[in-house]
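Input: a single structure, listed below in structure tokens.
Read the figures in this text as sums done on the coordinates, not as results from a lab. Since the model is a prediction, treat every value here as computed from it, not as a measurement. Here the Cβ positions follow ideal geometry from the backbone for every residue, glycine too, while neighbour counts run over all protein chains shown.
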Amino acid sequence: MDLSLCIFNAGSAQAGPAKAASSRPNRKAAKLGLDLMENANDETTQLRRFKTYRDGLMIGLLASRQLRLRNLAGLTLDRTLVQRGDGWWIQILAAETKTKNAIELPWPDILVPHLDTYLADHRSVIAELCGTGTASDALWLSMYGSPMTSYGRKLVTA
């Protein structure tokens, strides 16, 4: 099955008439994200596998959930990214958004197994490899095991 053809549920927290066009999933970006995650194991080192998988997951998420970079970057486990049953939810308080509207969106179903793989096989390994253990609850870690900086997030999404 070609995952790039699957329709991402692209609901928007503030979807209205003006946001309708920007709420649609970006199929090319979604395919790029899925392809990066699929090919991450072909990388030659653990660090490169981690970075490729993380970047693919970020791109896949941005293709299906139109989050501002600041909100994407600020996702933290058990605070703004919360597991509910077999799925995950993005929950961002109104005070933490530019529009001052709270965001509550399900993590895209197609990306749930990829998030689980990232957390179990990539994020935890990089934190351990770099000696940071579970010091950070940030979802997105740098190749050094610390939370990604704004500069690092811009490079991924540029």
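Within the shell of other residues whose beta carbon sits under 10 angstrom from the beta carbon of residue 143, the net charge comes to +3, with Lys and Arg scored +1 and Asp and Glu -1. Rounded, prolate or oblate: which fits segment 26-147, taking a ≥ b ≥ c as square roots of the Cα gyration tensor eigenvalues, rounded meaning a/c under 1.5, else prolate when a/b beats b/c? Oblate shape, in that a/c is at least 1.5 and b/c is the bigger or equal ratio. The ranking of 36, 77 from fewest to most other beta carbons within 10 Å of each one's beta carbon is 77, 36.
Maximal additional length on extending the residue 146-residue 104 stretch stands at 12.5 nm, based on 0.36 nm per residue less the C-alpha distance.
Computing FRET efficiency as 1/(1 + (r/R0)^6) for residue 86 and residue 125, where r is the C-beta to C-beta distance and R0 is 22 Å, gives about 0.45.
In terms of its C-alpha gyration tensor, segment 96-136 comes out oblate, because a/c is 1.5 or above while a/b does not outweigh b/c. Here the simple spin-label model places points 7 Å from the Cα toward Cβ, and for residue 28 and residue 95 these points are separated by 4.1 nm.
Summing +1 for each Lys or Arg and -1 for each Asp or Glu among the other residues whose beta-carbon sits under 13 angstrom from that of residue 107 gives -2. Looking at segment 26-128, the trypsin sites (Lys or Arg not before Pro) that sit in a DSSP loop and have at most 15 other Cβ atoms within 10 Å of their own Cβ are 68, 79, 98, 100.
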